[in-house]
1. Of the DSSP beta bridges with both residues in the chain, give the percent that are antiparallel, rounding to the nearest 5.
2. For Lys143, go through the lysines and keep the ones whose alpha-carbon is under 18 Å away, minus same-chain ones fewer than eight residues off.
3. Order these peptides, 44-51, 208-215, by their mean beta-carbon neighbour count within 10 angstrom, highest first.
4. Based on the alpha-carbon gyration tensor of segment 51-123 and its eigenvalue square roots a ≥ b ≥ c, which shape applies: rounded if a/c is under 1.5, prolate if not and a/b is larger than b/c, or oblate?
5. Given +1 on the Cβ of Lys and Arg, -1 on the Cβ of Asp and Glu, and no further charges, what dipole in debye does the chain carry about its Cα centre, rounded to the nearest 20?
6. As I understand it, the dipole of the chain uses +1 on the Cβ of Lys and Arg and -1 on the Cβ of Asp and Glu, about the Cα centre. Which of Gly110, Met261, His149 lies farthest toward its positive end?
7. Sort Met126, Met160, Met1 by heavy-atom solvent-accessible area, probe 1.4 angstrom, most to least.
8. With a 1.4 Å probe and all protein chains left in place, how much of the accessible area of the chain comes from carbon and sulfur atoms, in whole percent?
Amino acid sequence: MQDIFSLSLNALGIMLEDAGFQKFRAKQIYHWLYVRYVEDFEAMDNLPKDLKTYLNQTFTSTSAQICKEEKSCDGSVKYLFQTQDNLSYEAVFLKMKDDKFTLCLSSQVGCKVGCSFCLTAKGGFMRNLSAGEIVYQVLAIKKQQGIPHNKAINIVYMGMGEPLDNLENVTKAIKILAELDGLSISTRRQTISTSGIAPKIKKLGALNLGVQLAISLHAVDDKLRTELMPINKAYNIQAIIDEVVQFPIDNRKRVMFEYLMIDGLNDGLDSAKKLVVLLNKLKAKVNLIYFNPHEGSIYKRPSAEKMEAFREFLLKKGLLCTIRESKGLDISAACGQLRERAITQDEDTQHDNKQKEIQWAY
Ligand code: SAH
Ligand code: SF4
């Protein structure tokens with residue numbers, strides 16, 4: 001059975017034609033799935049019976065399911081998805097200022113990059129998500145939250161995984177999400193966040209999809225960055241900047257540099273000064289992120305004063321800078337944390353041993 005959510009409108013149309021149906025039926029199916037949120041082929045009542053039979057025999061719409069959710073008092077909700085092969089990944093629904101909605105999506109189960117501050121990294125890497133498993137996060141959350149089909153939402157690939165390490169499926173998902181007859185989420189509303197795999201940034205740029213780019217920088221010198229993000233040994237800060245300079249972006253847009261603030265490590269004004277020099281010639285904006293502590297992490301969250309002083313310094317030097325709203329802190333905001341909790345709880349129930357160390361399900 002093929003996952004219906006992994007198919008672009010065109011690919012679905014071709015499959016239907018090959019099976020002897022008319023191509024325009026693909027648009028009707030897309031409309032049912034992504035505009036009316038109907039996944040059951042039998043309920044698609046403008047389709048002929050033989051087409052419904054074909055769809056039932058050929059496609060599945062249940063390649064992933066929501067298996068757990070946690071609501072934060074600020075309105076954000078974290079969803080845990082389960083795949084058919086029993087793996088889990090998570091997505092977060094965020095209510096932003098001005099009643100805007102952002103969905104934070106995963107691209108992989110686990111991650112190979114191995115950043116020292118990241119909980120997803122601790123579990124290692126399991127597998128890439130398929131395009132359908134990526135797309136389904138959006139559909140399932142829109143449905144669950146009762147979000148009208150035409151409400152504009154933003155997508156950020158900032159959940160579990162390194163999107164550029166799964167470039168093929170992620171670009172496929174981006175295009176499916178952008179399909180005008182479907183979810184219609186413009187590529188300009190979709191942001192890929194990367195740890196900085198330089199050659200893949202080049203590849204993404206060459207695809208000219210119109211997506212926004214965010215770079216997880218987190219340090220201003222290679223020594224500290226390598227400590228935090230071992231991938232820096234392969235692609236250092238300068239190598240990343242060189243690719244960002246080449247990356248095609250909309251004239252009115254800027255590349256976002258995410259900077260994880262860790263208490264006493266990279267949160268001083270000396271770092272702020274170096275950051276200004278580094279980003280001087282780029283069309284950049286900086287997003288400061290509070291380190292979100294998790295069990296076993298050696299790093300600490302910085303004070304609000306430190307964050308504010310850092311931001312003030314950048315602004316004074318003419319560098320756009322925002323502080324990421326600490327959404328969903330009470331439900332563990334950073335990637336990997338809901339999943340980890342679910343696994344730990346399951347094992348606690350199974351073994352009735354609350355003292356034991358966290359076991360990873362990979
Ligand atoms: N792999 C990609 C996208 C997923 S990570 C990347 O690294 O950019 C998304 C963001 O969550 C990254 O900026 C990452 O640095 C951040 N993050 C990871 N662990 C965190 C933590 N404990 N506290 C706050 N942010 C964290
Ligand atoms: Fe992977 Fe991003 Fe976590 Fe680093 S921060 S381990 S790249 S998910």
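1. So the antiparallel bridges in the chain amount to around 45 percent.
2. Within the straight-line cut-off, Lys143 pairs with Lys68, Lys71, Lys78, Lys95, Lys100, Lys151.
3. 208-215, 44-51
4. oblate
5. 1340
6. Result: Met261, furthest along the dipole toward the positive end.
7. If we order Met126, Met160, Met1 from most to least accessible, we get Met1, Met126, Met160.
8. 49
The values are calculated or read from the model by the stated rules, or taken from the named source; none is laboratory data. Just so we're clear, the structure is a prediction, and the values are computed from it rather than from any experiment. Please note: Cβ atoms are built from the backbone with ideal geometry, for glycine as well, and neighbour counts cover all protein chains shown. Remember, those area values only see protein heavy atoms, side chains included, never the ligands or the DNA or RNA. Shrake-Rupley method; radii C 1.70, N 1.55, O 1.52, S 1.80 Å.
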